Amino acid sequence: MSFAAQSEAIQQIGQLSNYCFNYDYVSSALSRLYEFYSVSKSTKDSNLMLLSGATGVGKTTIVNQFLRRVPGHSCDEEEMWDVIFLQVPASCTPKALATELLVSFGDPAADKGTMPNMTRRVINYLNKLKVSLVILDEFQHLIETKSERVLYATADWLKSVTNEVECSFLLVGLPSLADVIEANPQLKRRVVSRFEVNEFALNSKDDLRRIQTILGLFSEKLPFENATVIASEAFVRAIHSASGGMIGSMVNILKLASLNALREEARYLAQHHFQDAAKELDLGGNLSTASSLTTFQRVL
């Protein structure tokens with residue numbers, strides 16, 4: 001394989017994480033997000049929606065797909081911000097979150113001032129720029145491994161902001177993000193929608209066909225002559241066992257196995273490509289590494 005052809009194949013493989021096929025779970029989630037967004041634009045109330053699920057179920061991919069459907073901001077007579085997306089950094093605090101929001105607004109002194117002063121500036125920006133929706137991804141970073149005091153402080157901060165703005169907030173993250181809402185009854189009353197994204201089940205023929213359809217779509221993006229094998233029943237059961245039904249882990253297995261094949265300049269995907277991928281990813285959860293490896297035996 002030429003250098004140019006290999007580079008193109010690597011790019012194809014790297015793009016697997018960017019795909020968000022419109023299967024039923026995604027379609028339902030996107031419909032709920034767009035519904036919430038539309039309500040946010042037509043009301044002066046500040047509402048909350050929770051989009052939660054375990055790591056690897058595809059929450060951020062769904063949000064990115066939603067963002068592609070709506071403008072980040074539009075320009076008429078003046079710049080008007082419509083949707084703001086912010087990924088909450090690890091070990092974040094309410095003050096650090098306020099700083100991140102001020103940075104996104106271009107505030108020249110984003111990290112300066114007292115907490116009340118910074119909060120007031122966040123509120124002023126949200127109102128002045130006529131923001132409709134703020135999306136906070138990985139919201140659980142505000143509360144994980146922290147005390148109840150921080151939990152209540154986070155809830156109070158969010159309540160103080162929602163009390164004075166007309167935009168709504170989409171909170172995305174692990175199921176524990178709901179703890180912030182439960183910590184403040186006034187905040188809880190602002191929640192108008194909750195959607196949980198789950199891992200793929202494999203308990204029925206419909207479940208099997210769903211995963212086969214999705215892997216079939218992924219196979220069309222792979223540069224191998226036997227890529228359609230990943231949509232076979234045997235492979236579906238193997239990759240589901242190894243990934244625990246998490247779409248993120250499935251995609252990682254496909255990417256790494258494909259790169260393994262490319263290194264060998266192979267035209268076909270082989271069993272050892274997937275076994276080596278499972279070993280390198282150290283797929284754990286409820287599976288040991290050894291059992292993860294055996295799931296791909298006799299599939300290809």
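The values are calculated or read from the model by the stated rules, or taken from the named source; none is laboratory data. All figures in this text were calculated on a predicted structure; none of them were measured in a lab. Positions of Cβ are backbone-derived with ideal geometry, glycine not excepted, and every protein chain shown enters the neighbour counts. Side chains included, ligands, DNA and RNA excluded: accessible areas come from the protein's heavy atoms. Shrake-Rupley method; radii C 1.70, N 1.55, O 1.52, S 1.80 Å.
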Taking segment 126-142 and keeping only residues that are assigned to a helix (DSSP H, G or I) and under 26 Å from the mean Cα position of the chain (by Cα), one is left with LEU126, PHE139, GLN140, HIS141, LEU142
When you check SER74 against the structure, is it among the hydroxyl-bearing types (Ser, Thr, Tyr), touching an Asp or Glu at 6+ places or on another chain (Cβ under 9 Å), modelled with pLDDT of 95 or more and within 22 Å of ASP45 (Cα to Cα), yes or no? no
Residue check, ALA153 open to solvent by 30 Å² or more (accessible area, probe 1.4 Å) and either part of a helix (DSSP H, G or I) or under 23 Å from LEU51 (Cα atoms) (or both) = yes
Just one listed residue, out of ILE62, ILE13, is assigned to a helix (DSSP H, G or I) and farther than 22 Å from LEU177 by Cα, and it is ILE13
Expected output for segment 253-275 (first residue under 18 Å from GLU220 (Cα atoms) and without any contact (Cβ under 8 Å) to a residue 40 or more places away in the chain, partner of a type in the set (Ser, Thr, Tyr) and open to solvent by less than 20 Å² (accessible area, probe 1.4 Å), Cβ below 8 Å, 6+ apart or cross-chain) is ILE253/SER243
For segment 23-36 the number of residues that are open to solvent by less than 40 Å² (accessible area, probe 1.4 Å) and either within 14 Å of ASN64 (Cα to Cα) or not in a helix (DSSP H, G or I) (or both) is 4
Taking first residues from segment 209-226 that are over 22 Å from ARG263 (Cα atoms) and second residues anywhere that are open to solvent by 60 Å² or more (accessible area, probe 1.4 Å) and not basic (Lys, Arg), the pairs with Cβ under 9 Å that are 6 or more apart or on different chains are ARG210/ASP24; ARG210/TYR25; GLN212/GLU233; GLY216/THR228; LEU217/TYR19
**OP:** Determine, yes or no, whether VAL26 is more than 26 Å from SER104 (Cα to Cα) and at pLDDT 85 or above.
**Re:** yes
Of the residues in segment 257-300, those that are part of a helix (DSSP H, G or I), open to solvent by less than 50 Å² (accessible area, probe 1.4 Å), modelled with pLDDT of 85 or more and out of contact with any Ser or Thr (no Cβ under 8 Å at 6 or more places or on another chain) number 8
*Could you tell me whether segment 226-247 includes any residue that is on the phi > 0 side of the Ramachandran plot, touching a helix residue (DSSP H, G or I) at 6+ places or on another chain (Cβ under 9 Å), open to solvent by less than 30 Å² (accessible area, probe 1.4 Å) and modelled with pLDDT under 95?*
yes
(message) Could you go through segment 181-202 and let me know if any residue there is open to solvent by 70 Å² or more (accessible area, probe 1.4 Å), farther than 30 Å from ILE247 by Cβ and in contact (Cβ under 8 Å) with a residue 12 or more places away in the chain.
(response) yes
